[in-house]
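**Student:** Quick one: the structure is below, and I'll ask about it shortly.
The values are calculated or read from the model by the stated rules, or taken from the named source; none is laboratory data. None of these values were measured; they are calculated from a predicted model. As a convention, Cβ positions derive from the backbone with ideal geometry for all residues, glycine included, and neighbour counts pool all protein chains shown.
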C-alpha cells in the first residue's frame, strides 16, 4: 500500500509525449486531416495551451506543418507551406 503512494506523478513531459504520439497517429491515419488549434483541442480533449505546445512541437520536429492557422501532416502526399 505504501509503495502506491510513493509512485511519481506523471510529468507534463510524460503526458505531452503521450499526447504527441496520439496526435501523430491521428494525422497518419487520416492523411487529409486539417485542424485549427480550437478543433484539435476539442478533438483531443485537452486544454488549448497544452494542445498548442504539442502541435508546435510536432511542427518543429517536421511531422506537421502549420498553414493559414491549420495544422496538416507533412509526408509523401503533403508538403509544408
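**Student:** Being at positive phi and modelled with pLDDT of 95 or more: is that true of residue 62 here?
**Tutor:** Working: at positive phi: yes; modelled with pLDDT of 95 or more: yes.
Yes.
**Student:** Let me ask you something else. Part of a loop (DSSP other than H, G, I, E, B), under 12 Å from the mean Cα position of the chain (by Cα) and either loosely packed, with under 14 Cβ neighbours inside 10 Å or modelled with pLDDT of 95 or more (or both): is that true of residue 45 in this structure?
**Tutor:** Yes; evaluated as a whole, the condition is true for this residue.
**Student:** Give me a count of the residues in segment 59-68 that are part of a loop (DSSP other than H, G, I, E, B) and either over 19 Å from residue 30 (Cβ atoms) or free of Cβ contacts under 8 Å to residues at least 12 places away in the same chain (or both).
**Tutor:** Total satisfying the criteria: 2.
**Student:** Continuing with this model, one more query. Run residue 37 past the list (1) surrounded by fewer than 15 Cβ atoms within 10 Å (Cβ to Cβ); (2) at pLDDT 95 or above; (3) in contact with a strand residue (DSSP E or B) (Cβ under 9 Å, 6 or more places away or on another chain) and report the number of the one that doesn't hold.
**Tutor:** The number of the failed condition is (1).
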